[in-house]
Amino acid sequence: MSTRTRTALGLAAALVAGGAFYASQATATPAVTTLTSAAGASAASTSLDPALAAKLVALVDEERMAHDLYQLFSDRYDGARPFSMIVRSETQHTAAVRNLLATYGIADPTTTLPAGTYATPAIQAVYDQWKAAGRVSVEAAEQVGVDLETRDIADLTAALVGVTQTDIQRVLGSLAAASEHHLRAFTAAVANTSTTGMPADGSCMDSGSGPGMGMGFGMGDGAGMGSGYRGGR
């Protein structure tokens, strides 16, 4: 056999072997790689950046904390507004972020936690602090509302930096807009609280029982974010 013939046969064998290798790669079941965030979130590596996944988990805890504190203060101060009017809104906000976790396959470590208990240590610490502060008086509780909504807006704004997914942009943007309304309600309450705990100008947050005011989105049952104002009672 000539040298040229041996070379040709060698190349053919190599091509056959290579073709078999690439064919096996194309038909093999790909391994699923998971990335675990600092907050305990787990997501497919192709779905969402782990840092963003961790932020979303922390935001679930933050919205839960707002709900729990406002419910606590509403109960303690005989349904004082704006607490009693914002509780349901915070329930919807929590559900909205949880929907994002479900969409991107991120484990939610908060689902089995009772009110007042959080998976994010920083949220747990600030909840304990604000719970103690707000139990002093209704005025102190209203100031907690101001501080909480200010923090929430800052955290939502920071979480949006670099986000390219339109659904996440829409949800977090709507939550930030709703928190702006909440902040105005609490700021008015702190400035001039009536004997019922309601801002003296009569303004309060909508309870969220009807459609949103244009900035909301569906929550599965057709309810909006409930972020709009309504006047009086």
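Nothing in this text is a laboratory measurement; each read-out follows from the coordinates by a stated rule. Values in this document were obtained by computation on a predicted structure and should not be read as measured data. Quick reminder, even Gly has a Cβ in these numbers, built from the backbone with ideal geometry, and neighbours come from all protein chains shown.
Overview of values
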| quantity | calculated |
| --- | --- |
| Extension gain (nm, one decimal) between residue 164 and residue 76, 0.36 nm per residue minus Cα-Cα | 27.5 nm |
| Local electrostatic count, residue 134, Cβ distance below 12 Å [Lys/Arg +1, Asp/Glu -1] | -3 |
| Proxy reagent accessibility, fewest Cβ within 10 Å first, across 131, 55 | 131, 55 |
| Cα shape, the stretch 71-149, gyration tensor, a/c 1.5 rule | prolate |
| Sequence-distant residues sharing a close amide H with residue 81 (under 5 Å, placed H) | 198 |
| Stretchable slack from residue 111 to residue 132, in nm (0.36 nm times residue separation minus alpha-carbon distance) | 5.1 nm |
| Whole-Å distance, taken between Cα centres, linking the stretch 150-173 and the stretch 48-121 | 15 |
| Sorted by Cβ neighbour density within 10 Å, fewest at the top, the residues 153, 106, 123 | 153, 123, 106 |
| Ranked list, fewest to most other Cβ atoms within 10 Å of each Cβ, for 72, 48, 113 | 113, 72, 48 |
| Residue-by-residue Karplus 3J(HN,Hα) for the stretch 140-147, coefficients 6.51, -1.76, 1.60, Hz, glycine and proline x | 5, 5, 5, 5, 4, x, 4, 5 |
